[in-house]
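A.B. asks: Input: one structure, supplied below.
The values are calculated or read from the model by the stated rules, or taken from the named source; none is laboratory data. All figures in this text were calculated on a predicted structure; none of them were measured in a lab. Glycine also receives a Cβ, built like all others from the backbone with ideal geometry; neighbour counts cover every protein chain displayed.
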Amino acid sequence: MDFEVEFIKFLQSGLSNAWISVFQVLTLLGSWLGLLISFIIIFRKKKIMAGLMVIAFILAIVINFAIKNIVCRPRPFESYDFIINYGGEDGFSMPSGHSCAAGAMAVFLIAYLFQSKSKKSAKALGCIAIILVALLVGFSRIVLGVHYLTDVLIGLLEGAIIASILLLIYNFYIYKLQKQLEILRRFYMGDDDE
(Lines give C-alpha, C1' and ligand atoms only; values in the text may rest on other atoms or scores of the structure.)
Protein backbone atom coordinates (compact mmCIF):
# COMPACT_ATOMS: atom_id res chain seq x y z
CA MET A 1 0.00 0.00 0.00
CA ASP A 2 2.98 2.34 0.35
CA PHE A 3 3.14 2.75 -3.43
CA GLU A 4 -0.53 3.70 -3.58
CA VAL A 5 -0.14 6.30 -0.85
CA GLU A 6 2.95 7.78 -2.48
CA PHE A 7 1.12 7.81 -5.83
CA ILE A 8 -1.73 9.89 -4.39
CA LYS A 9 0.75 12.16 -2.61
CA PHE A 10 2.64 12.67 -5.89
CA LEU A 11 -0.56 13.41 -7.84
CA GLN A 12 -1.79 15.91 -5.27
CA SER A 13 1.53 17.74 -4.94
CA GLY A 14 1.33 21.11 -6.63
CA LEU A 15 -2.26 20.53 -7.77
CA SER A 16 -3.76 23.87 -8.83
CA ASN A 17 -7.37 24.88 -8.21
CA ALA A 18 -8.00 24.70 -11.97
CA TRP A 19 -6.86 21.07 -12.13
CA ILE A 20 -8.89 20.20 -9.05
CA SER A 21 -11.96 21.61 -10.80
CA VAL A 22 -11.19 19.64 -13.97
CA PHE A 23 -10.97 16.38 -12.02
CA GLN A 24 -14.10 17.22 -10.00
CA VAL A 25 -16.03 17.62 -13.27
CA LEU A 26 -14.41 14.59 -14.88
CA THR A 27 -15.37 12.39 -11.93
CA LEU A 28 -19.05 13.19 -12.58
CA LEU A 29 -18.89 10.99 -15.68
CA GLY A 30 -18.80 8.05 -13.27
CA SER A 31 -22.08 9.10 -11.68
CA TRP A 32 -25.64 9.94 -12.73
CA LEU A 33 -24.33 12.48 -15.26
CA GLY A 34 -22.38 9.79 -17.10
CA LEU A 35 -25.40 7.49 -16.94
CA LEU A 36 -27.64 10.19 -18.41
CA ILE A 37 -25.24 10.94 -21.27
CA SER A 38 -24.74 7.23 -22.02
CA PHE A 39 -28.48 6.58 -21.80
CA ILE A 40 -29.26 9.35 -24.30
CA ILE A 41 -26.63 8.05 -26.73
CA ILE A 42 -27.86 4.44 -26.60
CA PHE A 43 -31.61 5.13 -26.23
CA ARG A 44 -31.85 6.78 -29.64
CA LYS A 45 -31.41 3.43 -31.41
CA LYS A 46 -31.35 0.69 -28.75
CA LYS A 47 -34.07 1.31 -26.19
CA ILE A 48 -33.88 -2.12 -24.55
CA MET A 49 -30.09 -1.89 -24.29
CA ALA A 50 -30.41 1.57 -22.70
CA GLY A 51 -32.84 0.20 -20.13
CA LEU A 52 -30.54 -2.72 -19.44
CA MET A 53 -27.68 -0.28 -18.87
CA VAL A 54 -29.76 1.49 -16.21
CA ILE A 55 -30.40 -1.88 -14.56
CA ALA A 56 -26.65 -2.63 -14.70
CA PHE A 57 -25.92 0.77 -13.16
CA ILE A 58 -28.34 0.17 -10.28
CA LEU A 59 -27.09 -3.39 -9.79
CA ALA A 60 -23.50 -2.11 -9.76
CA ILE A 61 -24.39 0.42 -7.05
CA VAL A 62 -26.00 -2.26 -4.89
CA ILE A 63 -23.16 -4.77 -5.33
CA ASN A 64 -20.54 -2.06 -4.83
CA PHE A 65 -22.20 -0.90 -1.61
CA ALA A 66 -22.28 -4.48 -0.31
CA ILE A 67 -18.62 -5.07 -1.11
CA LYS A 68 -17.60 -1.76 0.50
CA ASN A 69 -19.35 -2.74 3.70
CA ILE A 70 -17.72 -6.17 3.72
CA VAL A 71 -14.18 -4.91 3.02
CA CYS A 72 -14.50 -1.75 5.17
CA ARG A 73 -11.35 -0.12 3.78
CA PRO A 74 -10.94 3.48 4.98
CA ARG A 75 -10.49 6.19 2.39
CA PRO A 76 -6.96 7.50 1.81
CA PHE A 77 -7.62 10.91 3.39
CA GLU A 78 -8.93 9.20 6.54
CA SER A 79 -5.74 7.22 6.99
CA TYR A 80 -3.18 9.84 5.95
CA ASP A 81 -3.31 13.48 7.05
CA PHE A 82 -1.34 14.71 4.03
CA ILE A 83 -3.95 13.41 1.54
CA ILE A 84 -6.69 15.95 0.86
CA ASN A 85 -10.30 14.99 0.21
CA TYR A 86 -11.03 17.06 -2.90
CA GLY A 87 -13.97 14.81 -3.76
CA GLY A 88 -16.09 15.54 -0.70
CA GLU A 89 -16.58 11.82 -0.07
CA ASP A 90 -17.17 9.74 3.02
CA GLY A 91 -17.83 6.07 3.69
CA PHE A 92 -15.59 3.19 2.69
CA SER A 93 -13.10 3.12 -0.15
CA MET A 94 -12.90 -0.36 -1.72
CA PRO A 95 -14.03 -0.61 -4.52
CA SER A 96 -14.58 2.73 -6.22
CA GLY A 97 -18.25 3.22 -7.06
CA HIS A 98 -17.56 5.87 -9.69
CA SER A 99 -15.04 3.57 -11.38
CA CYS A 100 -17.51 0.69 -11.20
CA ALA A 101 -20.17 2.80 -12.90
CA ALA A 102 -17.67 4.02 -15.50
CA GLY A 103 -16.63 0.43 -16.25
CA ALA A 104 -20.24 -0.69 -16.67
CA MET A 105 -21.15 2.24 -18.91
CA ALA A 106 -18.01 1.73 -20.99
CA VAL A 107 -18.98 -1.88 -21.71
CA PHE A 108 -22.48 -0.84 -22.81
CA LEU A 109 -21.19 2.01 -24.97
CA ILE A 110 -18.65 -0.29 -26.63
CA ALA A 111 -21.34 -2.94 -27.23
CA TYR A 112 -23.58 -0.26 -28.72
CA LEU A 113 -20.75 1.01 -30.89
CA PHE A 114 -19.98 -2.47 -32.23
CA GLN A 115 -23.63 -2.98 -33.15
CA SER A 116 -23.69 0.30 -35.08
CA LYS A 117 -23.05 0.60 -38.81
CA SER A 118 -20.01 2.80 -38.30
CA LYS A 119 -16.77 2.13 -40.14
CA LYS A 120 -14.18 -0.06 -38.43
CA SER A 121 -11.86 2.91 -37.95
CA ALA A 122 -14.64 4.93 -36.27
CA LYS A 123 -15.45 1.97 -34.02
CA ALA A 124 -11.78 1.61 -33.05
CA LEU A 125 -11.45 5.32 -32.25
CA GLY A 126 -14.74 5.24 -30.37
CA CYS A 127 -13.57 2.29 -28.27
CA ILE A 128 -10.31 4.04 -27.45
CA ALA A 129 -12.21 7.20 -26.44
CA ILE A 130 -14.69 5.26 -24.28
CA ILE A 131 -11.94 3.32 -22.50
CA LEU A 132 -9.93 6.50 -22.02
CA VAL A 133 -12.89 8.28 -20.40
CA ALA A 134 -13.50 5.33 -18.05
CA LEU A 135 -9.81 5.31 -17.08
CA LEU A 136 -9.84 9.08 -16.57
CA VAL A 137 -12.84 8.77 -14.24
CA GLY A 138 -10.86 6.26 -12.19
CA PHE A 139 -7.75 8.45 -12.31
CA SER A 140 -9.80 11.43 -11.10
CA ARG A 141 -10.84 9.45 -8.03
CA ILE A 142 -7.19 8.93 -7.13
CA VAL A 143 -6.22 12.56 -7.78
CA LEU A 144 -9.12 13.76 -5.63
CA GLY A 145 -7.74 11.67 -2.77
CA VAL A 146 -10.86 9.55 -2.28
CA HIS A 147 -9.56 6.20 -3.59
CA TYR A 148 -6.43 4.11 -3.89
CA LEU A 149 -5.29 2.72 -7.23
CA THR A 150 -6.51 -0.78 -6.31
CA ASP A 151 -9.96 0.61 -5.42
CA VAL A 152 -10.20 2.08 -8.90
CA LEU A 153 -8.92 -0.99 -10.76
CA ILE A 154 -11.25 -3.33 -8.87
CA GLY A 155 -14.15 -0.90 -9.40
CA LEU A 156 -13.55 -0.74 -13.16
CA LEU A 157 -13.31 -4.53 -13.33
CA GLU A 158 -16.42 -4.98 -11.19
CA GLY A 159 -18.49 -2.68 -13.42
CA ALA A 160 -17.22 -4.29 -16.61
CA ILE A 161 -18.05 -7.78 -15.31
CA ILE A 162 -21.57 -6.80 -14.19
CA ALA A 163 -22.30 -5.14 -17.54
CA SER A 164 -20.81 -8.04 -19.52
CA ILE A 165 -22.89 -10.62 -17.65
CA LEU A 166 -26.09 -8.64 -18.26
CA LEU A 167 -25.24 -8.18 -21.93
CA LEU A 168 -24.51 -11.91 -22.32
CA ILE A 169 -27.84 -12.81 -20.72
CA TYR A 170 -29.63 -10.23 -22.87
CA ASN A 171 -27.98 -11.47 -26.09
CA PHE A 172 -28.70 -15.09 -25.19
CA TYR A 173 -32.41 -14.40 -24.72
CA ILE A 174 -32.63 -12.19 -27.81
CA TYR A 175 -31.01 -14.99 -29.83
CA LYS A 176 -33.44 -17.55 -28.40
CA LEU A 177 -36.38 -15.25 -29.08
CA GLN A 178 -35.27 -14.70 -32.67
CA LYS A 179 -34.96 -18.46 -33.20
CA GLN A 180 -38.45 -19.02 -31.79
CA LEU A 181 -39.89 -16.26 -33.97
CA GLU A 182 -38.20 -17.78 -37.02
CA ILE A 183 -39.70 -21.19 -36.22
CA LEU A 184 -43.15 -19.62 -35.86
CA ARG A 185 -42.72 -17.65 -39.09
CA ARG A 186 -41.71 -20.77 -41.00
CA PHE A 187 -44.62 -22.72 -39.49
CA TYR A 188 -47.25 -20.13 -40.38
CA MET A 189 -45.76 -19.35 -43.78
CA GLY A 190 -45.63 -23.04 -44.72
CA ASP A 191 -41.82 -23.11 -44.94
CA ASP A 192 -41.55 -25.76 -42.24
CA ASP A 193 -39.24 -28.63 -43.14
CA GLU A 194 -41.48 -31.24 -41.51
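A.B. asks: Go through (1) crowded, with 19+ Cβ neighbours inside 10 Å; (2) at pLDDT below 95; (3) part of a helix (DSSP H, G or I) for K123 and report which single condition fails.
C.D. replies: With respect to (1) crowded, with 19+ Cβ neighbours inside 10 Å; (2) at pLDDT below 95; (3) part of a helix (DSSP H, G or I), K123 is out only on (1).
A.B. asks: Let me ask you something else. Being modelled with pLDDT under 90 and exposed (fewer than 13 other Cβ atoms within 10 Å of the Cβ) is the filter; apply it to the stretch 45-62 and report the residue that is farthest from G97 (Cα to Cα).
C.D. replies: In this case the residue turns out to be K45.
A.B. asks: Something else: Filter the stretch 87-120 down to residues that are among the hydroxyl-bearing types (S, T, Y) and outside any helix (DSSP H, G or I) and give me whichever is nearest to the chain's Cα centre (by Cα).
C.D. replies: So the first thing to find is which residues in the stretch 87-120 are among the hydroxyl-bearing types (S, T, Y), and the list is 93, 96, 99, 112, 116, 118.
Then keep just the ones that are outside any helix (DSSP H, G or I); that gives 93, 96, 116, 118.
Values: S93: 17, S96: 10, S116: 20, S118: 23 Å.
Step by step, filter the stretch 87-120, then rank; the result is S96.
A.B. asks: Does the stretch 137-166 hold any residues that are among the aliphatic types (A, V, I, L, M) and not in a helix (DSSP H, G or I), and which are they?
C.D. replies: Residues of the stretch 137-166 among the aliphatic types (A, V, I, L, M): 137, 142-144, 146, 149, 152-154, 156-157, 160-163, 165-166.
Those that are among the aliphatic types (A, V, I, L, M) and not in a helix (DSSP H, G or I): L144, V146.
Okay, residues lined up against (1) out of contact with any Lys or Arg (no Cβ under 9 Å at 6 or more places or on another chain); (2) among the charged types (D, E, K, R); (3) more than 13 Å from H147 (Cβ to Cβ):
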position: V5; (1), (2), (3): yes, no, no
position: G30; (1), (2), (3): no, no, no
position: I37; (1), (2), (3): yes, no, yes
position: K46; (1), (2), (3): yes, yes, yes
position: L59; (1), (2), (3): yes, no, yes
position: P74; (1), (2), (3): yes, no, no
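A.B. asks: Which condition number in (1) more than 28 Å from F7 (Cβ to Cβ); (2) in contact (Cβ under 8 Å) with a residue 40 or more places away in the chain; (3) acidic (D, E) is the one that E182 fails?
C.D. replies: Here E182 clears every test but (2).
A.B. asks: Another question, if that's okay. Taking Y80 as the residue in question, decide whether it is under 15 Å from S140 (Cβ atoms), in contact with a helix residue (DSSP H, G or I) (Cβ under 8 Å, 6 or more places away or on another chain) and aromatic (F, W, Y).
C.D. replies: Working: under 15 Å from S140 (Cβ atoms): no; in contact with a helix residue (DSSP H, G or I) (Cβ under 8 Å, 6 or more places away or on another chain): yes; aromatic (F, W, Y): yes.
No; evaluated as a whole, the condition is false for this residue.
A.B. asks: Can I ask one more? What helices (runs of 4 or more DSSP H) lie completely within the stretch 1-44 and have 2 or more residues being surrounded by fewer than 16 Cβ atoms within 10 Å (Cβ to Cβ) and within 16 Å of the chain's Cα centre (by Cα)? Even if it seems obvious, please write down each step before you answer.
C.D. replies: Working: elements: 2-12, 17-26, 32-43.
Hits in the stretch 1-44: 32-43.
A.B. asks: Let me ask something else about it. Would you mind finding the one in L125, L156, L132 that is of a type in the set (A, V, I, L, M) and either touching a residue at least 40 places away in the same chain (Cβ under 8 Å) or closer than 20 Å to E6 by Cα (or both)? Reasoning before the result, please.
C.D. replies: Numbers: L125 fails: either touching a residue at least 40 places away in the same chain (Cβ under 8 Å) or closer than 20 Å to E6 by Cα (or both); L132 fails: either touching a residue at least 40 places away in the same chain (Cβ under 8 Å) or closer than 20 Å to E6 by Cα (or both).
Being of a type in the set (A, V, I, L, M) and either touching a residue at least 40 places away in the same chain (Cβ under 8 Å) or closer than 20 Å to E6 by Cα (or both) holds for just one of L125, L156, L132, which is L156.
A.B. asks: Among (1) in contact (Cβ under 8 Å) with a residue 12 or more places away in the chain; (2) surrounded by 12 or more Cβ atoms within 10 Å (Cβ to Cβ); (3) within 30 Å of F108 (Cβ to Cβ), there is one condition N69 misses while meeting the rest; what is its number?
C.D. replies: Single failed check for N69: (2).
A.B. asks: Look at A129 and say whether it is more than 23 Å from L59 (Cβ to Cβ) and part of a helix (DSSP H, G or I). Explain how you work it out, then say what you get.
C.D. replies: Details: more than 23 Å from L59 (Cβ to Cβ): yes; part of a helix (DSSP H, G or I): yes.
It is true that A129 is more than 23 Å from L59 (Cβ to Cβ) and part of a helix (DSSP H, G or I).
A.B. asks: State whether one or more residues within the stretch 58-69 are under 13 Å from the mean Cα position of the chain (by Cα) and of a type in the set (G, A, S).
C.D. replies: yes
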